Amino acid sequence: MKKTIQLVVPETWGDVTLKNYLRLQRDLDTYKDDDDAQIDFSIYHLCGIPAENIRDLTGESYAMLKASVLELFNKQQEYPLKRIVKIGGKEYGFEPNLSNMAYGAYVDITKWDTASIDDNWASIMSILYRPIVKKQFDTYLIEPYSGEIDPTPWYEIGMDIHLGAITFFLHLSKELQISTLNYLTQSSVIPHSIKSILAESGKVTHPLLNSPVVTSIK
């Protein structure tokens, strides 16, 4: 008896949750030397087809799904930082003033060696995005950092939000390197922490919030 499978093919990375993205990356790393297995796991994670049913697909359906996932991987899109994200009816705002970010938040973010989209990324997002307590037009105030980290909601958010945030940091990091170099060449005093650097270069934060970004996924 034939079995009907409903296919959901993502058109952009915004259709893929962080949870599925991380699962996919783990399998792609595990089978990095097996191209066919990588395609199968991509179809499994991105399209939601049970692994045991992939081989039951018709040749035409399999070819269509393979083309779709390859197109997604090869697609370059602009993902700007989204400052306000709604999760379960609650609005969360991205840290509006990085130069005045709470020291505790900075310490908790930097306890991980790198800021990249990995198993720690959802925790970093829960620090950078906090519930909005007051908002007027494009200006908002978020809850003070309490030290409580809840990564759970961020696993279900689309990758467009995560890619926008990580790309913003790549741009900011580049600007901070330039600002730090200029600071050090003009001063004999070395800043004691990144907060000092952010204070010196905080003026780059606001323009970058609205700058276009390009992200490529390999």
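Being at pLDDT 90 or above, aliphatic (A, V, I, L, M) and within 20 Å of the chain's Cα centre (by Cα) is a property that does not hold for Val133.
With a requirement of 2 or more residues that are farther than 24 Å from Ile117 by Cα and not assigned by TED's automatic domain parsing to the domain that holds Ile166, the helices (runs of 4 or more DSSP H) lying completely within region 18-66 that satisfy it span 51-54.
Residues in region 101-129 that are in a loop (DSSP other than H, G, I, E, B), in contact (Cβ under 8 Å) with a residue 40 or more places away in the chain and not hydroxyl-bearing (Ser, Thr, Tyr): 6 in all.
Would it be correct to say that Leu81 is surrounded by 15 or more Cβ atoms within 10 Å (Cβ to Cβ), of a type outside the set (S, T, N, Q), outside any helix (DSSP H, G or I) and over 19 Å from the mean Cα position of the chain (by Cα)? No.
A Cβ distance below 9 Å, combined with a sequence gap of six or more or placement on separate chains, defines the contacts here; from region 52-63, residues that are of a type outside the set (S, T, N, Q) reach residues that are modelled with pLDDT under 85 and surrounded by 10 or more Cβ atoms within 10 Å (Cβ to Cβ) in the pairs Asp56/Ile5; Leu57/Ile5.
Criterion first (out of contact with any Phe, Trp or Tyr (no Cβ under 7 Å at 6 or more places or on another chain) and crowded, with 19+ Cβ neighbours inside 10 Å) does Ile149 satisfy it? No: the conditions fail for Ile149.
Residues checked against (1) surrounded by fewer than 15 Cβ atoms within 10 Å (Cβ to Cβ); (2) assigned by TED's automatic domain parsing to the domain that holds Leu18; (3) modelled with pLDDT of 90 or more:
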{"site": "Lys90", "(1), (2), (3)": "yes, no, yes"}
{"site": "Leu98", "(1), (2), (3)": "no, no, no"}
{"site": "Ala102", "(1), (2), (3)": "no, no, no"}
{"site": "Tyr106", "(1), (2), (3)": "no, no, no"}
{"site": "Thr110", "(1), (2), (3)": "yes, no, no"}
{"site": "Asp119", "(1), (2), (3)": "yes, no, yes"}
{"site": "Ala122", "(1), (2), (3)": "no, no, yes"}
{"site": "Leu128", "(1), (2), (3)": "no, no, yes"}
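Step by step: first the residues of region 54-77, then only those that are exposed (fewer than 13 other Cβ atoms within 10 Å of the Cβ) and at pLDDT below 85, then the one that is nearest to the chain's Cα centre (by Cα). Which residue is that? The qualifying residue nearest to the chain's Cα centre (by Cα) is Gln76.
The values are calculated or read from the model by the stated rules, or taken from the named source; none is laboratory data. A quick note: this is a predicted structure, and the numbers were derived from the prediction, not measured. Cβ atoms come from the backbone with ideal geometry, glycine included; neighbour counts cover every protein chain shown.
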